[in-house]
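Since the structure comes first, as structure tokens, the remarks are kept for the end.
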Amino acid sequence: MFNPAHAGHRHISLLALKLLQLDQLWWLVSPQNPLKPVAGMAPLTARLAGAKAMARHPRIKPSDLETRLGTRFTIDTLAALQRRYPQHRFVWIMGADNLLQISRWARWRAIFARVPVAVFDRPAYVYKALASKAARRFAGHRVATWQAKALASKRPPAWCFIPAARHPASATALRARQRRSTKELTP
């Protein structure tokens, strides 16, 4: 989503590049998350521009690829990416908050069956995420944190929880702060 992109996204991306030994990391700035309200969503062009400004790293690539592919759901995006780039190995990266609710995503089990998944710790989510429906369902496919650098070469389903250094940034908090500032400026 990246509504807006913030320093926490960059922080996790830099950790992922290092810990997972990735060649590149693509930020998929999606047109609209089907599970989130349209209200309060910045325009795609603004979110993409903000992501590009925040990334500031030659191996972090913000993209509107989902718009160009015409996909709405993660599983469809992953399938299209694998068809388009068969020589690439993909890893789906998300925060612990998404592991907690991924069972609400379209064909979520197929995501785990299609690509390895790296889950990064987020404040206040670790215990609930590790007890989530998805974590329980794929418990036998969890890769130890110390093996994270090999995750991209693992055959799915394979996933890893990475209890890395946390960053306090939150898109929800940034949007709330922006709304408060706007109200204060309104006569």
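Relative to the dominant Cα principal axis of the chain, helix 44-55 is inclined by about 70°.
Taking the C-alpha atoms only, the angle from helix 7-19 to the longest principal axis of the chain is near 20 degrees. Taking amide H atoms as placed 1.01 Å from N in the peptide plane, the amide H of Lys61 lies under 5 Å from those of Leu25, Trp26, Trp27, each 5 or more residues away in sequence or on another chain. When Lys61, Lys18, Lys52 are compared by accessible area at a 1.4 angstrom probe, the order from most to least is Lys18, Lys52, Lys61. Ignoring ligands, DNA and RNA, what percent of the accessible area of the chain is carbon or sulfur (1.4 Å)? Carbon and sulfur atoms account for 55 percent of the accessible area of the chain. Taking label positions 7 Å along the Cα-Cβ direction at both Arg68 and Gln147, the computed distance is 3.5 nm, reported to one decimal. Across the chain, the mean sequence separation of Cα contacts (distance under 8 Å, 6 or more residues apart), normalised by length, yields a relative contact order of 24 percent. Rolling a 1.4 Å probe across all protein chains gives Trp108 an accessible area of roughly 10 Å². For the stretch 24-129, the solvent-accessible area of protein heavy atoms averages 52 Å² per residue (probe radius 1.4 Å; ligands and nucleic acids excluded).
Helix 74-84 versus the longest principal axis of the chain: what angle, 0 to 90°, nearest 10, using Cα atoms? On a 0 to 90 degree scale, this one is about 70. Computed 3J(HN,Hα) for the stretch 20-36, one whole-Hz value per residue from the Karplus formula 6.51 cos²θ - 1.76 cosθ + 1.60 where θ = phi - 60°, is 9, 6, 8, 6, 8, 10, 9, 8, 8, 7, 7, x, 6, 6, x, 9, 10, glycine and proline marked x. The slack in the chain from Gln101 to Met41, taken as 0.36 nm per residue of separation less the alpha-carbon distance, amounts to 19.6 nm.
The values are calculated or read from the model by the stated rules, or taken from the named source; none is laboratory data. Since the model is a prediction, treat every value here as computed from it, not as a measurement. FYI the Cβ positions are ideal-geometry reconstructions off the backbone, even for glycines, and counts take in every protein chain you see. The accessibility values were calculated without ligands, DNA or RNA, using every heavy atom of the protein model including side chains. Shrake-Rupley method; radii C 1.70, N 1.55, O 1.52, S 1.80 Å.
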